[in-house]
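Colleague: Dumping the structure here so I can ask a few things about it.
Since every read-out is calculated from the coordinates, none of them should be taken as a lab result. As the structure is a computational prediction, the values presented were derived from the model and not from experiment. Neighbour counts are summed over all protein chains in view; Cβ atoms, including those assigned to glycine, are modelled from backbone coordinates with ideal geometry.
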Amino acid sequence: MEEVELKKATLAGGCFWCTEAVFQRLNGVEKVVSGFTGGAIKNPAYREIITGRTGHAEAIEVEFDPEKISFEELLLVFFATHDPTTLNKQQNDVGTQYRSGIFYHDDDQKLKAEEVINLLGAEKMFKDPIVTEVSEASAFYIAEEEHQDFYNQHRQQPYCQFIIDPKITKLKKLFSDKLK
């Protein structure tokens, strides 16, 4: 049996704990790593990112099997599980590090991202315009170990219960056919 070549997607939807928890549950997603991208300094630490001065976004890097889930399907989940209409803000998290962004790895991903954004805008899926950044993927820096698999290890924390649990509930409701 021939092995499928995994593809990579880099997405920023506010707090990476939230986006990681959502994408880990999708069939066809083989790996999700929390980290930082789109900024000015090399090897930033979380304590630097949260100041908002490095230019990085909290993001996830997703390795996925395109035969099980397409890039477009990943984007539909992405847009359904965060607010792409607020600039540099997701719920209580405020700053450029919490911006909405798609960091494409090739021209096809760029085109698909633009198509999905245009479609959602044309369909008036959101009350306000989508402000999601679409930029070429640059260096991705893996966040410290305590930020990896955060939701699964800390479900009892209030942040997980009040911010992430509703996203997981929405995921199960809207995309039950895409779950592991």
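Colleague: Within region 158-180, work out how many residues are farther than 23 Å from residue 85 by Cα and crowded, with 17+ Cβ neighbours inside 10 Å.
Modeller: Qualifying residue count for the region: 1.
Colleague: Do we find that residue 4 is assigned to a loop (DSSP other than H, G, I, E, B) and aliphatic (A, V, I, L, M) in this structure?
Modeller: When the stated conditions are applied, residue 4 passes them.
Colleague: Working only within region 45-80, note down all residues that are assigned to a loop (DSSP other than H, G, I, E, B) and among the hydrophobic types (A, V, I, L, M, F, W, C). Break it down into steps so the answer makes sense when it comes.
Modeller: First pass over region 45-80, keeping only residues assigned to a loop (DSSP other than H, G, I, E, B): 45, 50-56, 65-70.
Result: 45, 50, 69.
Colleague: Please list, ordered by first then second residue, the pairs with beta carbon atoms under 6 Å, 6 or more apart or interchain, first in region 158-172 and in contact (Cβ under 8 Å) with a residue 12 or more places away in the chain, second of a type in the set (Ser, Thr, Tyr) and assigned to a helix (DSSP H, G or I).
Modeller: Final answer for the pair search is 160/151; 164/151.
Colleague: Which pairs have Cβ atoms under 8 Å, sit 6 or more apart or on different chains, and link a residue in region 61-90 that is without any contact (Cβ under 8 Å) to a residue 40 or more places away in the chain to one that is surrounded by fewer than 16 Cβ atoms within 10 Å (Cβ to Cβ) and among the aliphatic types (A, V, I, L, M)?
Modeller: Matching pairs, first to second residue: 88/94.
Colleague: Scan region 48-71 and tell me whether some residue there is farther than 25 Å from residue 114 by Cβ, among the hydrophobic types (A, V, I, L, M, F, W, C), surrounded by fewer than 23 Cβ atoms within 10 Å (Cβ to Cβ) and out of contact with any Ser or Thr (no Cβ under 7 Å at 6 or more places or on another chain). Give the steps one after another, and end with the answer.
Modeller: Restricting attention to region 48-71, the residues satisfying the condition of being farther than 25 Å from residue 114 by Cβ are 48-54.
Checking which are among the hydrophobic types (A, V, I, L, M, F, W, C) leaves us with 49-50.
From the residues that got through so far, the ones that are surrounded by fewer than 23 Cβ atoms within 10 Å (Cβ to Cβ) too are 50.
Those still in the list that are out of contact with any Ser or Thr (no Cβ under 7 Å at 6 or more places or on another chain) too: 50.
The answer is yes, given that some residue of region 48-71 is farther than 25 Å from residue 114 by Cβ, among the hydrophobic types (A, V, I, L, M, F, W, C), surrounded by fewer than 23 Cβ atoms within 10 Å (Cβ to Cβ) and out of contact with any Ser or Thr (no Cβ under 7 Å at 6 or more places or on another chain).
Colleague: Among the residues of region 22-42, is any free of Cβ contacts under 8 Å to residues at least 60 places away in the same chain, of a type in the set (Ser, Thr, Tyr) and closer than 19 Å to residue 147 by Cα?
Modeller: No: zero hits.
Colleague: So, in region 129-157, of the ones that are part of a helix (DSSP H, G or I) and in contact (Cβ under 8 Å) with a residue 12 or more places away in the chain, which residue ends up nearest to residue 80 (Cα to Cα)?
Modeller: The extreme case among them is 151.
Colleague: Now for a separate question. Tell me which residues, restricted to region 12-28, are in a helix (DSSP H, G or I) and touching a helix residue (DSSP H, G or I) at 6+ places or on another chain (Cβ under 6 Å).
Modeller: 17, 18, 21, 22, listed by residue number.
Colleague: Counting only residues that are of a type in the set (S, T, N, Q) and farther than 13 Å from residue 75 by Cα, which one in region 85-128 is surrounded by the most Cβ atoms within 10 Å (Cβ to Cβ)? Don't jump to the end; show me each part of the working.
Modeller: If we filter region 85-128 for residues that are of a type in the set (S, T, N, Q), which is where we start, we get 85-86, 88, 90-92, 96-97, 100, 109, 118.
Keeping just the survivors that are farther than 13 Å from residue 75 by Cα gives 85-86, 88, 90-92, 96-97.
Numbers: 85: 16, 86: 16, 88: 16, 90: 22, 91: 15, 92: 11, 96: 18, 97: 28.
Among residues in region 85-128 that are of a type in the set (S, T, N, Q) and farther than 13 Å from residue 75 by Cα, the one surrounded by the most Cβ atoms within 10 Å (Cβ to Cβ) is 97.
Colleague: Could I ask something else about it? From the list 112, 124, which residue is of a type in the set (Lys, Arg), without any contact (Cβ under 8 Å) to a residue 60 or more places away in the chain and not in a helix (DSSP H, G or I)?
Modeller: 124
Colleague: Those residues that are farther than 10 Å from residue 18 by Cα, among the basic types (Lys, Arg) and part of a helix (DSSP H, G or I), I need them from region 158-180; list them, please.
Modeller: 170, 172, 173, 178
Colleague: Tell me the residue from 40, 9 that is in a strand (DSSP E or B) and either farther than 20 Å from residue 165 by Cα or hydroxyl-bearing (Ser, Thr, Tyr) (or both), please.
Modeller: Numbers: 40 fails: in a strand (DSSP E or B).
Only one candidate passes the filter, namely 9.
Colleague: So residue 31 ticks every box in (1) touching a Phe, Trp or Tyr at 6+ places or on another chain (Cβ under 9 Å); (2) over 16 Å from residue 105 (Cα atoms); (3) not in a strand (DSSP E or B) but one. Which box is left unticked?
Modeller: For residue 31, the exception is condition (3).
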